[in-house]
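Only one structure is covered here, and it is reproduced in the block below.
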Amino acid sequence: MSEQSNQSGAGGPIKRLFVKVGVLPFFLLGALVIFTALSSKFLTGQNLVNVARQSVYLVLVSMGQMLVLISGGFDLSVGTAIALTSVVSASAMVFFAGVFPDAIWLAVMLGAFMGFGAALLVGLVNGIGVAYFDVSPFIMTLGVSSVGAGLALFLTGGVPVSGLPFAFGDTFGFGRLWGIPVPVLIALLCIVVMWVFMSRTRLGTQIYAVGGNIKAAHLSAINTKRTLMLAYMVCALIASLTGLLLTARVESGEANLGGTIALESIAACVIAGVSLRGGIGRVENVVLGAFFIVLVQNGMNLAQVSSYMQMVLLGVLLILAVIFDQLRYRIIMSGR
Amino acid sequence: MQTTKLVETRGLTKRYPGVLALNGVDFDLKAGEVHVLFGENGAGKSTLISMLAGANTPSEGEIVLNGEAIHFGSVADAQAKGIYTVFQEFSLIPTLTVAENIFLGWEPMKGPFVDHRAMRRRAREMFEELDFPIDPTAITASLSRAQQQMVEITKAFHGDLSVLILDEPTASLTDREVDHLFGFIADLKARGVGIIYISHRIQEFQRIADRVTVLRDGAKIGTVAIDETDEDALVEMMTGRAITEIYPTIARNPGEVLLKAEGVTTPGVSPASLEVRAGEVLGIAGLVGSGKSRLFRAMMGVAPRLGGTVTLKGHDITHAPTREIIKAGLYYLSPDRKAEGLDLAKPSNDNLALNLVMGGTGVSKAGFINWKTVRAESAKIADYVELHEGYRAKLVSQLSGGNQQKVLFGKCFGQDADIYVFDEPTVGVDMGTRAALYLLIKALAEQGKAVVVISSDLPEVLHLSHRMLVLAHGHISAELSGDEMTEDTVLKHFFDESGVTA
């Protein structure tokens with residue numbers, strides 16, 4: 001019943017689109033127009049394929065981030081989960097490759113599992129803190145991200161872990177199957193699984209319910225604590241998968257992987273209409289949101305915007321997206 | 001002698017998109033009178049006073065103060081003209097001291113600094129003058145609701161008070177506090193202050209009101225002098241129908257005891273024992289804060305469980321998690337549909353679907369959902385609770401209170417249950433919807449389910465229940481059934497400890 005909302009008159013088609021899917025279509029259109037004008041190389045098939053390939057990592061992390069956002073929290077420690085996975089899995093692979101020199105794939109698998117394990121621990125701690133001790137997600141994941149980053153640096157002494165099995169990088173970093181890069185295939189598989197999970201399973205429905213109104217969820221026989229734990233752990237797991245793919249791409253275990261990905265993934269989600277208040281968000285839009293962020297970065301590179309200025313613009317974009325999210329929420333809640 | 005009109009509204013109208021909240025209301029207040037505004041929730045009382053208080057601007061019509069038409073730009077504007085409103089939601093900042101709250105925005109200064117000593121002294125003087133026993137240095141959050149209300153009223157005495165608007169002032173007060181408030185209102189009347197008083201408690205009107213204006217659906221039904229009317233006539237004016245048309249007669253078929261509580265204790269409730277039977281409606285009455293809701297919340301595991309045992313169909317559920325209790329067949333309908341009942345940013349359909357999904361409807365063993373089945377079931381439920389088809393795909397936040405409550409009721413048909421606890425089932429709901437919801441309760445009870453109705457609305461409990469428990473100050477003060485269930489008897493037990501009756 002707020003005064004401001006009453007003044008917004010009848011809903012035109014643009015407004016209806018905005019209410020339905022959020023700010024993304026407008027941002028996407030704006031980016032396409034601006035960067036096409038700035039660089040002739042931007043709107044080419046080759047460049048767009050390139051962007052699609054580069055966006056794999058952000059798409060994955062953003063889907064995890066989306067889960068946590070829908071559950072009503074957010075995860076600043078996704079970058080740390082990536083770094084920790086990278087360092088732990090690389091170290092383990094190097095170690096096991098020495099132990100089983102004849103079974104390289106066994107070493108790769110063991111390394112990957114240890115990486116997953118490390119990230120799951122990050123998700124577990126986040127989940128316990130948020131669900132059982134009511135620590136605000138902001139503080140909890142910020143603290144955990146410092147702990148995890150510290151551990152990753154401590155484990156490696158700040159030096160990248162090198163000497164990974166070649167097969168690992170060749171397959172998961174640069175490999176192709178049916179002509180499609182392996183990371184893209186993995187991302188596609190994750191998108192499908194995630195879409196089914198969120199829209200077709202009881203657990204997915206529970207995550208929406210907990211984020212929408214946690215007390216109502218509790219009174220609808222939902223185990224809210226377990227649902228929150230699940231969100232943080234799946235988020236960490238997807239980040240971990242991303243960490244493995246990135247490790248394969250750079251062919252070494254690095255503690256500084258995923259430095260800016262927390263901010264980027266939150267931006268991707270919010271731009272894609274995931275509500276910061278929880279309960280609202282769609283997988284397909286988030287995929288597009290992540291693609292948009294990478295597209296903008298690519299466009300800025302082509303337009304020769306310096307990387308420092310890119311940081312500035314990314315921050316501005318995030319804040320703008322949040323402002324539009326607020327506007328949209330106000331329109332939704334006031335009805336019209 | 002003609003008494004002067006302090007405030008007058010002429011054709012006051014307020015339109016929201018799609019809603020006519022107030023429709024051409026003429027209202028006037030004389031100096032030294034108490035004018036009661038009476039009507040259901042959503043009748044337009046709050047809209048009317050929000051405009052008098054300056055919190056809202058009329059779409060049409062005018063407000064006349066002491067003979068001249070005025071426009072209030074803000075609450076501060078209205079206060080500067082001597083109109084002060086004590087809203088139901090207090091405008092106190094809980095973390096500040098009482099004195100700081102009273103002087104918020106009017107702080108006495110010593111040079112560039114706030115003079116805290118002067119502030120405390122003046123607050124103490126004001127409390128003495130009003131005879132309110134409150135410590136000005138106390139942190140506001142530590143006060144009882146009644147004391148907070150006194151602080152709120154005290155805030156009104158900064159300026160030149162000529163009109164005091166009280167919105168449901170006695171809703172959460174004990175009887176003694178009500179006496180004190182009424183004494184205070186009498187003093188104000190004597191000083192020539194005009195008082196607009198909003199209340200649902202019809203039994204109070206004889207004590208303090210001079211005139212009553214009844215609103216329904218945004219329109220004025222009439223203004224009557226209190227000497228020329230009685231309670232039944234007022235209720236009929238308010239609802240537009242006689243009482244007998246609203247409450248159904250529910251057949252009583254007491255079966256086995258389904259829910260049993262022995263010595264259940266929770267903060268604010270001393271050990272309480274009770275039995276709930278199948279085929280029977282058990283009413284729970286008591287004032288706000290009497291613990292009637294907390295007792296059941298503790299049994300549900302939503303409030304802390306400090307002691308006692310709870311047995312549900314022979315199984316001990318004393319320490320079971322809420323979800324297990326619900327799955328075992330005890331459903332609790334929250335009194336606060338916005339805070340803990342509904343997901344406001346989702347359509348009605350999705351809200352209904354949640355309970356169906358949690359109850360296992362349309363869910364495969366592996367946890368996959370067949371939305372077609374769920375949608376079909378939720379449509380059936382929506383039909384059953386008479387939720388209009390146009391509202392089903394709408395966001396719950398955009399529905400009226402009555403329709404929101406229908407959705408909330410619909411949620412309880414998503415999961416199988418044997419015992420339904422309805423906590424304030426019709427709060428903020430219009431009469432038409434009420435009658436529909438009562439029929440749902442009737443159907444449940446007559447199907448052999450056990451129904452508990454917890455309500456602060458005394459006529460509601462009296463008319464619906466076969467047996468009732470009255471709570472006062474956290475203990476069960478009476479169990480009544482049959483002819484014992486009269487308003488007078490119940491009221492007597494409301495104030496069991498203070499020993500005073502209304």
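In table form, for the structure just shown:
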read-out	value
Per residue, the convex hull volume that the Cα atoms of the stretch A:147-213 enclose (Å³)	145
Calculated FRET value between residue B:106 and residue B:375, using beta carbons and R₀ = 56 Å, to 0.05	0.45
Positive-end residue, the stretch B:5-244 charge dipole about Cα centroid, Cβ charges, pick of B:214, B:136, B:164	B:136
Cα-only Debye scattering, the stretch B:161-267: base-10 log of I(q)/I(0) at q = 0.12, 0.15, 0.16 Å⁻¹	-0.62, -0.81, -0.87
Net dipole in debye of the protein assembly as shown [+1 Lys, Arg Cβ; -1 Asp, Glu Cβ; about Cα centre; nearest 20]	3160
For the stretch A:102-244, the fraction of alpha-carbon pairs in successive 10 Å shells from zero, as %	10, 30, 32, 20, 7, 0
Cα-only Debye scattering, the stretch A:174-318: base-10 log of I(q)/I(0) at q = 0.09, 0.10, 0.18 Å⁻¹	-0.35, -0.44, -1.23
Lysines with Cα under 27 Å of residue B:45, excluding same-chain neighbours fewer than 8 positions away	B:5, B:14, B:30, B:81, B:155, B:189, B:220, B:338, B:394, B:406
Residues B:12, B:352 arranged by fewest to most Cβ contacts within 10 Å	B:12, B:352
Rg followed by Dmax, in Å, when the stretch B:5-244 is reduced to its Cα trace	18.4, 66
3J(HN,Hα) from dihedral phi, the stretch A:176-187, Karplus parametrisation 6.51/-1.76/1.60, rounded to Hz, x for glycine, proline	10, 10, 6, x, 9, x, 4, x, 5, 4, 4, 4
For chain A, fraction of C-alpha pairs farther apart than 37 Å, in %	19
Spin-label pair residue A:310/residue A:26, simplified geometry with 7 Å Cα→Cβ offset, distance in nm	2.6
Fewest-first ranking of B:384, B:438, B:331, using other Cβ atoms within 10 Å as the exposure measure	B:384, B:438, B:331
Check: chain B dipole with +1 on Lys, Arg Cβ and -1 on Asp, Glu Cβ, in debye	1700
At 0.890 mPa s and 25 °C, Stokes diffusion of the stretch A:190-263 via Kirkwood alpha-carbon radius, µm² per second	172
Dimensionless Rg/Rh of the stretch B:385-441 - Kirkwood Rh, Rg from C-alpha atoms	0.95
Separation of the residue A:136 and residue B:249 label points, Cα + 7 Å toward Cβ, nm	5.9
Considering only chain B, percent of DSSP beta bridges that pair antiparallel, nearest 5	55
Crossing angle, helix B:431-446 versus chain B [Cα axis fit, 0-90 degrees, rounded to tens]	30
Angle between chain A longest axis and helix A:137-156 axis [Cα atoms, degrees, rounded to 10]	20
Coarse-grained scattering of the stretch B:418-475 at q = 0.29 Å⁻¹, given as base-10 log I(q)/I(0) from a Debye sum over alpha-carbon atoms	-1.40
Compactness index (Cα Rg / 2.2 N^0.38 Å), chain B	1.05
FRET efficiency, 1/(1 + (r/R0)^6) with R0 60 Å, evaluated for residue B:191 and residue A:203 via beta carbons	0.40
Length added when fully stretched, residue A:52-residue A:124, from 0.36 nm per residue minus Cα-Cα	22.8 nm
Compactness of the stretch B:258-494 as Cα Rg over 2.2 N^0.38 Å, two decimals	1.00
Rg over Rh, two decimals, the protein assembly as shown (C-alpha only, Kirkwood Rh)	1.03
Inter-label distance, nm, simple model (7 Å from Cα along the C-beta direction), residue A:301/residue A:260	1.1
Cα-derived Rg over Rh, computed across the stretch B:332-372 with Rh taken as Kirkwood radius	1.05
Degrees between helix A:261-271 axis and first principal axis of chain A (Cα, 0 to 90, nearest 10)	30
Sites residue B:179 and residue A:16 - FRET efficiency at Förster radius 41 Å, r taken between beta-carbons, to 0.05	0.15
Directionally averaged projected area (convex hull, Cα atoms, the stretch B:6-124), nm²	10.0
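Taken together, the values in this text are just the output of simple stated rules run on the coordinates, not laboratory data. The shown structure was predicted, so the numbers you read here are calculated from the model rather than taken from an experiment. Using ideal geometry, Cβ is built from the backbone for each residue, glycine included, and neighbour counts are taken over all protein chains shown.
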